Amino acid sequence: MRVRLMTVLAGVLTAVAMVATATPASAATFDFQTALNSGTAHDGRARIDGSISFFGRYAADIRAAITDVCPADGYGAYAQLEVTSIYGTVGYTNWMWVSDQGCGGTAVYPLRAFYWHNDIRNVRVHLCEIDWDHNQRRGDCAYSTRKDNPYT
């Protein structure tokens, strides 16, 4: 009887451990690039890769790596979050991610907790690569797809 009870208990503990270590359903990844402007001599590109895991109605963990691909013009690539609340209001963070160390330089941002003042419906990344085009500073920008918060 004692051996049978220990076997059942070991099976239950194994099942609990497997459930506890499962990847959360709230994890989402983003990976995209800005478009090139055709017809200009100084076009560059930028890229941001990363992941977001929501852990509450107004909080998430974010990892990201941003790259200013080319040219080495010193103007860099910048990214921020666009946040949509459950009330439909849209807000933007500051430029959270920056790569301005030259052509092909990647800036890696490790895990960072992000909190918003309202319940988050979804977020998306706004990425801009800055060029010097036709004697003026110009941004080529793109948005990622929206990532929904499963807690709202």
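The values are calculated or read from the model by the stated rules, or taken from the named source; none is laboratory data. Please read all numbers here as calculations on a predicted model, not as lab measurements. With ideal geometry, Cβ positions are generated from the backbone for all residues, glycine too; neighbour counts draw on all protein chains shown.
Take segment 113-142 and flag every residue that is part of a loop (DSSP other than H, G, I, E, B) and in contact with a strand residue (DSSP E or B) (Cβ under 8 Å, 6 or more places away or on another chain).
Quick first cut of segment 113-142, residues part of a loop (DSSP other than H, G, I, E, B) only: 116-119, 134-135.
Those that are part of a loop (DSSP other than H, G, I, E, B) and in contact with a strand residue (DSSP E or B) (Cβ under 8 Å, 6 or more places away or on another chain): 116, 118, 119.
If only one of 66, 86, 62, 120 is at pLDDT 85 or above and either surrounded by fewer than 15 Cβ atoms within 10 Å (Cβ to Cβ) or of a type in the set (Ser, Thr, Tyr) (or both), which one is it?
Working: 66 fails: either surrounded by fewer than 15 Cβ atoms within 10 Å (Cβ to Cβ) or of a type in the set (Ser, Thr, Tyr) (or both); 62 fails: either surrounded by fewer than 15 Cβ atoms within 10 Å (Cβ to Cβ) or of a type in the set (Ser, Thr, Tyr) (or both); 120 fails: either surrounded by fewer than 15 Cβ atoms within 10 Å (Cβ to Cβ) or of a type in the set (Ser, Thr, Tyr) (or both).
Selected residue: 86, the only one of 66, 86, 62, 120 that is at pLDDT 85 or above and either surrounded by fewer than 15 Cβ atoms within 10 Å (Cβ to Cβ) or of a type in the set (Ser, Thr, Tyr) (or both).
Among residues of segment 85-106 that are touching a residue at least 24 places away in the same chain (Cβ under 8 Å) and part of a loop (DSSP other than H, G, I, E, B), those with a Cβ under 6 angstrom from a residue that is among the acidic types (Asp, Glu) and surrounded by 14 or more Cβ atoms within 10 Å (Cβ to Cβ), sequence gap 6+ or separate chain, pair up as 86/119. Counting the residues of segment 27-59 that are more than 11 Å from the chain's Cα centre (by Cα) and modelled with pLDDT under 90 gives 15. Filtered by the rule that a residue be under 19 Å from residue 75 (Cα atoms), surrounded by fewer than 17 Cβ atoms within 10 Å (Cβ to Cβ) and hydrophobic (A, V, I, L, M, F, W, C), segment 97-117 gives 98, 103, 108.
Confirm whether residue 145 is in a loop (DSSP other than H, G, I, E, B) and under 12 Å from the mean Cα position of the chain (by Cα). Considered against the rule, which asks whether it is in a loop (DSSP other than H, G, I, E, B) and under 12 Å from the mean Cα position of the chain (by Cα), residue 145 comes out as yes.
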